1. Identify the single condition in (1) of a type in the set (A, V, I, L, M); (2) more than 9 Å from chain A (Cβ to nearest Cβ); (3) in contact (Cβ under 8 Å) with a residue 24 or more places away in the chain; (4) assigned to a helix (DSSP H, G or I) that B:Ala153 does not satisfy, given that it satisfies every other one.
2. Quick check on my filter: what residues within the range B:156-170 are in a helix (DSSP H, G or I) and either within 26 Å of A:Ala78 (Cα to Cα) or touching a residue at least 24 places away in the same chain (Cβ under 8 Å) (or both)?
3. Among the residues of the range B:53-64, are any more than 31 Å from the chain's Cα centre (by Cα), surrounded by fewer than 20 Cβ atoms within 10 Å (Cβ to Cβ) and either over 28 Å from B:Pro250 (Cβ atoms) or not polar (S, T, N, Q) (or both)?
4. With respect to A:Arg132, determine if the residue is farther than 25 Å from B:Leu106 by Cα and in contact with a helix residue (DSSP H, G or I) (Cβ under 7 Å, 6 or more places away or on another chain).
5. Pairs, please: C-beta under 8 Å, at least 6 apart or cross-chain, first residue surrounded by 15 or more Cβ atoms within 10 Å (Cβ to Cβ) and in the range A:100-115, second among the polar types (S, T, N, Q)?
6. Those residues that are aromatic (Phe, Trp, Tyr) and either more than 15 Å from B:Ala157 (Cα to Cα) or within 9 Å of another protein chain (Cβ to nearest Cβ) (or both), I need them from the range B:120-142; list them, please.
7. Being touching a strand residue (DSSP E or B) at 6+ places or on another chain (Cβ under 6 Å), within 20 Å of A:Ala38 (Cβ to Cβ) and at the interface with chain B (Cβ under 8 Å from one of its Cβ atoms): is that true of A:Asp194 here?
8. Would you mind telling me which numbered condition in (1) assigned to a strand (DSSP E or B); (2) under 23 Å from the mean Cα position of the chain (by Cα); (3) within 14 Å of chain B (Cβ to nearest Cβ) A:His113 fails?
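The values are calculated or read from the model by the stated rules, or taken from the named source; none is laboratory data. All figures in this text were calculated on a predicted structure; none of them were measured in a lab. For neighbour counting, all protein chains shown are included, and Cβ atoms are generated from backbone atoms with ideal geometry for every residue, glycine included.
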Amino acid sequence: MRVVIASGKGGAGKTCVTASLAAVWNRPLVAVDTDAEAPNLHLFLPPDVTEKKTAFLDVPNMDPEKCSRCEKCRDICAYKAIASFAGKITLFPDMCHGCGGCFAVCPTGALIHGRRELGSLEIGTVLGGSARFLMGRTRIGESMTPPLLRQQLRLLSDMLEACPADALIDSPPGVSCPAVTVAREADVILLALDPTPFGFHDFRLAHQAFLPLGRPVAAVINRAGADGNAEGDEAARRYCREQRVPVLAELPFERAAAEQYAAGRLLAELSPAWRQRFERLRDALIAFGAGRAAEETNHA
Amino acid sequence: MREIVVISGKGGTGKTTVSAAFAHLAENKVICDLDVDAPDLHILLDPQARETHAFVSGHKVVIRREACLGCGKCASLCAFDAISLGDDGYAADPLRCEGCGVCAHLCPAHAVELTEEHCGDWYRSDTRFGPMVHALLFPGQENSGKLVSLLKAEARALARERGLDTILCDGSPGVGCPVIASLSGASLAVGVVEPTPSGRHDFLRVADLCRHFRVPLAVIINKADLNAREADAMAEECEKRGDVLLGRLPFDPVVTQAMVARKALTEFDNVVGNRLKDMWSALQKLNVRR
């Protein structure tokens, strides 16, 4: 079962929930951080990194000797990565999305395969070797996150094929390309819901955006019971009830929890009560995933 | 004209809360919400739209079945694995398609059409704090970098039109495409960070990004008392890097209460709002390019 832990709003508790769930998980596991622009899971689950790969995007280079200046490459490029100044073709590799169109149309073989560094992929183990770990990290200045994520998700598939396990996947925030790239690979999407006005608003955006993916969606309400926000809590619960999004756990708002997080420690290790919350969330999540899988088999 | 962009690296550190306060305090400005992926500033500012414009972008790929030869060239050329053979012939998955158009260019039967899509709307609005430019994407729509650039251009145009000299932007989390688009041409980035391991890690990444694009950075450490030692370390880090430290804010329930009341923190008397006022004054004294 691949569980993607996502949220519309950043800071809703994705990483917190992923890390503590990983710590109480009782089946073979790969803990995955796909929040590659701001990866944080490794700060709560310090990994023993065994392998670090650099990820690249295939971009064009030019052999000016061979270029016939036909400008077909410039015409096909939708990203303005190829320009023609006074009949001379100039490449802007930072703008390239790696679609390969220029290579396909160049009649003289003047374009050579070059590469742009997207970031890194790190593989290792966490939690004393009991779980495997996979993390993506974009290069600073790199604007495109999805190509790195696609390579990371392929690597995850290989890891799961080599040795079957569940995957807990910490997603990028938001609802655009990076988040959707990851969410569509999910067997189950678990949305972290911060019931403040901002958090609830962004949660609804995420729910609406992920619905068309056809993946089962559940929620965990984080920081429930904050002073003065009783209406927000109730609005969040009501929405989930009406939209048939099962709320698998409510994590209470506590200053001690915020401090635990600020110290880089796991919420599951704050107290026996907190540990139990995550064990229950784990069991609910596994049951939810199994129930949905059974439903799909029945429909088929 | 000066352009101030509030960013954070990590999400949920208080960007929008700070943006709303500065939007209240700033004079002669256009307010701009660049967090187009998950915009929240409108929740506090309650903008009344004066103009609504369609944001048309991207390319939706449609393969005309009657013209398709079934050769599969489009599927084999697609670098994004967006085209596959289904029961109804070849079809493109809009969630994987990046709109490169290679399939349309190279289809031997010209069976592939690229159509522009209405991805959302953007607005010129009025708020109690002044004019605002913002957008709302339809659920699941993308191309946020392009929309960020469009909103910035519109905010500049509006500022010129009305003779305003400041653009105050609420940015987005991360260090990718929308953030890079937000920082382009900015006079100053205000980094709202929190003293947590994640906050520190992501702050350093966004600080590197600012340096990469030569945008000066002023830092606000939010929720500073959650981990005072880490807050001290971050303050030291700022100094070492040559970034300006505007100050620290406490972890205080008044922040959530203000949000629930749909108010900027500076609109009523409270300790966090008062500190934000001091920070805004300090920010005026910074020498930023225009």
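1. (3)
2. The first filter runs over the range B:156-170 and keeps only residues in a helix (DSSP H, G or I), leaving B:156-162.
Across the range B:156-170, the qualifying residues are B:Arg156, B:Leu158, B:Ala159, B:Arg160, B:Arg162.
3. Within the range B:53-64 (the criterion being more than 31 Å from the chain's Cα centre (by Cα), surrounded by fewer than 20 Cβ atoms within 10 Å (Cβ to Cβ) and either over 28 Å from B:Pro250 (Cβ atoms) or not polar (S, T, N, Q) (or both)), the answer is yes, since at least one residue qualifies.
4. On the way: farther than 25 Å from B:Leu106 by Cα: yes; in contact with a helix residue (DSSP H, G or I) (Cβ under 7 Å, 6 or more places away or on another chain): yes.
Here the answer is yes, as A:Arg132 does meet what is asked.
5. Hits for this filter: A:Ala110/A:Ser68; A:Leu111/A:Asn61; A:Gly114/A:Asn61.
6. Initially, the range B:120-142 is screened for residues aromatic (Phe, Trp, Tyr), giving B:122-123, B:129, B:138.
Within the range B:120-142, B:Phe129, B:Phe138 meet the criteria.
7. Numbers: touching a strand residue (DSSP E or B) at 6+ places or on another chain (Cβ under 6 Å): yes; within 20 Å of A:Ala38 (Cβ to Cβ): yes; at the interface with chain B (Cβ under 8 Å from one of its Cβ atoms): yes.
Judged against the criteria, A:Asp194 is a match.
8. (2)
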